[in-house]
1. Starting from the Cα-Cα distance between B:Ala77 and B:Ser64, subtract it from 0.36 nm times their residue separation and give me the gain in nm to one decimal.
2. Which three extents, in whole angstrom, do the alpha-carbon atoms of the protein assembly as shown cover along their principal axes, largest first?
3. Can you put A:Glu106, B:Glu39, B:Glu50 in order of Cβ neighbours within 10 angstrom, beginning with the fewest?
4. Distance between Cα centroids, region A:88-121 to region B:20-51: provide it in whole Å.
5. Mind checking the dipole of chain A: about its Cα centre, +1 per Lys or Arg Cβ, -1 per Asp or Glu Cβ, Debye to the nearest 20?
6. Can you give me the C-alpha center-to-center distance between region A:203-240 and region A:152-175, rounded to a whole angstrom?
7. Along the charge dipole of the protein assembly as shown, pointing to its positive end and built from +1/-1 on Cβ of Lys, Arg, Asp and Glu, which listed residue (B:Ile37, B:Leu22, A:Gly125) has its Cα farthest out?
8. Ordered by residue, what ³J(HN,Hα) values in Hz, to whole numbers, does region B:65-74 give under the Karplus form 6.51 cos²θ - 1.76 cosθ + 1.60, where θ = phi - 60° and Gly and Pro are x?
Amino acid sequence: MTTDSKWGKETLRQMLLIRNFEETADKLTLRGKVPGGMHNSSGQEAVAVGVMSALDPKDVIATTHRSHHHTIAKGMPVNIVMAELFTKATGCSGGRGASMHLADVENGHFGGNGIVGAGVGIAMGAAVGIKQMGHKKVAVGFVGDGGVNTGRTWEAVNMAVIYKLPLIIIVDNNQYAVETFVERVTGGNDIAKRGAGFGLPSFTIDGQDVEEVHKYTLEARNRALAGEGPTFINALTYRYYGHNVGEKGQYRTQEEIADWRSHRDPIDRFSAKLISEGALTQADYEAMINSVAKEIEEAVDFAEKSPLPDVSTILDGVDSGLLGASK
Amino acid sequence: MEEVFVPAVGMAMDNVVLLEWLKNPGDQVTAGDVIAIIETDKTTMDLTCETSGTLGAHRYAINSEVPAGQTIAVVLAPGESE
């Protein structure tokens, strides 16, 4: 199928923006600029951008410890994301959260978090609210291939099914739970089948194909809006870097990583398709790469120059105000 | 010019101790060579260079503490100076 040129270019640019952000942030983390560690999503861009491009800005997402790609694709400006990684006051969480606690509740981003398998439950809660209030929107919960072996994920899936909640569950399946290969720890070795057992439409898709991810998410969203309940999508993808920045990574071969990078890279595949269809010229593509690099450079500059949170604000946001600690 | 630096690899970025220099200023180094050995609060680690060239000055002495993220030496390409 031919890709719409305008959509294709915007989608490609988003993926490039995420890739450059992650590779830049990885280096800065090694230099000690990012306190508290960081999880690089390089390689998983198509899952984030494919899903987000099928959503309405008012839809809700809840994500995982690896959330930069979801957050940028959801529309948070890269300078705000970078500032949060640097724990600066201008970051989305006021510099309190760093890499793992990116959030923007007003714009439907219910946050990353450090708890394996927590994202689906948070999104399911949002979906309960959406249904109760009669809103025309959906919630999307992200979980990893490690998180699908936690009980809380499946409790949330079950509840979404019995209440026909407007929820989409996306397994951002990068095949390694920290250092453990998915097949070694997944009983039955078929995550989508496990989902289907809960009685909802359940699919395994190519998470390196941004258009496939977009299509399945769009269909899931339409079902949810029509009152038909949740959908489970297991998107197969791959992370190019370690679980966290600086990891030694002796649990997989360099050949395996090189194979994914050279044969299935979501950006290479999609840019090649757009160019072959005439939707994008090589010159456009190079200009896009340069403009993305400039945007990330500016984001780093913004983060560097932003102040750390003022120490007098340390209790802000700690409680609801009842104890008098927060302003 | 490549900066050989102490990577901040843990969740907490403590100082490390520079245990040993394996290359001296002016030595020709090849990509992948171990330049120095450092000790973190958990383990010892090799610091390697990614490019080939001439090693610049040692910026820290043996047994001194180095903050994570800091450059300990540079690898100079032909014609470059520190």
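1. Values: separation 13, 0.36 × 13 = 4.68 nm, distance 2.72 nm.
Length gained, B:Ala77 through B:Ser64: 2.0 nm.
2. Cα spread of the protein assembly as shown along its principal axes, largest to smallest: 71, 62, 42 Å.
3. Details: A:Glu106 6, B:Glu39 14, B:Glu50 10.
Lowest to highest Cβ neighbour count: A:Glu106, B:Glu50, B:Glu39.
4. Region A:88-121 and region B:20-51 have Cα centres spaced 37 Å from each other.
5. Values: 33 positive and 40 negative charges, 147 e Å.
Here the size comes out at about 700 debye.
6. 12 Å
7. It is A:Gly125.
8. Each residue of region B:65-74 in turn: 8, 10, x, 4, x, 7, 7, 9, 5, 10 Hz.
Throughout, read-outs are computed from the coordinates displayed, never taken from laboratory work. It should be emphasised that the depicted structure is a prediction, and the values quoted were computed from it without experimental measurement. Glycine gets a Cβ as well: all are built from the backbone with ideal geometry, and neighbour counts include every protein chain shown.
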